[in-house]
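Written below as structure tokens is the structure these notes are about.
The values are calculated or read from the model by the stated rules, or taken from the named source; none is laboratory data. Since this is a predicted model, take the numbers as computed values, not measurements. Cβ coordinates were reconstructed from backbone atoms using ideal geometry, including for glycine residues, and neighbour counts include every protein chain displayed.
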Amino acid sequence: MPSAENEAKLLSDPMGEMDDISLGEAIRQARKGRGFSLQTVAEGVGISTGLLSQIERGISSPSIRNLRAICEVIGIPFLSLFAETDSASREAGIIVREGRRRTVDFGDKGMVKSFLTAHDKGALQVMEIVLDPGGSSGEESYSHEGEECGVVLSGKLELWVEDDRFVLGEGDAFHFESRRPHRFRNLGNDQSRVMWVTTPPVW
């Protein structure tokens, strides 16, 4: 919860310290965390689903009246929403919550990459790669500058580095220079999960 000083500031000027993106994200997290759909909350507040979606994405700023109504429909105290926003602001660039990861879904390849690093301005990038049975990086090997390493969290992974083929199981790790052509795929009948680190970031 906000400190007494911050609470006084919020009560006198509740929108003064918040940016639209952080506030919208706090609303979205509160709504989803309590199991409310966009439509249910929008109808309860008396606004369109499209407007509520824009508020959650930081495209539109909510009025104080609508913001209080949103909190009432969701069932949270008005100031607690700003406490969540304060927390999100402090975590920015440091913490990546599980439900807020950036993801890329390669549907045709049976592969999803979730990014565990808070930003791509640093020297490395960490991903969790989930491969469906038979899912792969593609038929062709690829290469780039840098190096990469990782560990198989679950399942079975086939890794090619140039002409060398390796089969890795849970707990097995790898490390190689990215300029060496490489590719990978899931050999098992269950999903395979891999923690993958690249430097420099490539996504």
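Just one of the numbered conditions (1) within 21 Å of the chain's Cα centre (by Cα); (2) modelled with pLDDT of 80 or more; (3) hydroxyl-bearing (S, T, Y) is not true of S60: (1). Counted as qualifying within segment 136-203 are the strands (runs of 3 or more DSSP E) with 1 or more residues that are assigned by TED's automatic domain parsing to the domain that holds T117 and exposed (fewer than 15 other Cβ atoms within 10 Å of the Cβ), namely 147-154, 164-168, 173-177.
Residue check: T40 meets all listed conditions (1) in a helix (DSSP H, G or I); (2) surrounded by fewer than 17 Cβ atoms within 10 Å (Cβ to Cβ); (3) of a type outside the set (G, A, S); (4) modelled with pLDDT under 80 but one, namely (4).
Scanning segment 48-69 for residues that are in contact with a Gly (Cβ under 8 Å, 6 or more places away or on another chain) and closer than 15 Å to K32 by Cβ turns up I55, E56, R57. When segment 185-194 is filtered for residues that are over 14 Å from V112 (Cβ atoms) and either under 23 Å from the mean Cα position of the chain (by Cα) or not charged (D, E, K, R) (or both), the ones remaining, listed by number, are L187, G188, N189. Residues that are among the aliphatic types (A, V, I, L, M) and either surrounded by 18 or more Cβ atoms within 10 Å (Cβ to Cβ) or modelled with pLDDT under 80 (or both) within segment 81-125 comprise L81, A83, A88, A92, I94, I95, V96, M111, V112, A118, listed in sequence order.
None of L131, L168 is touching a strand residue (DSSP E or B) at 6+ places or on another chain (Cβ under 6 Å), at pLDDT 95 or above and farther than 27 Å from I95 by Cα except L168.
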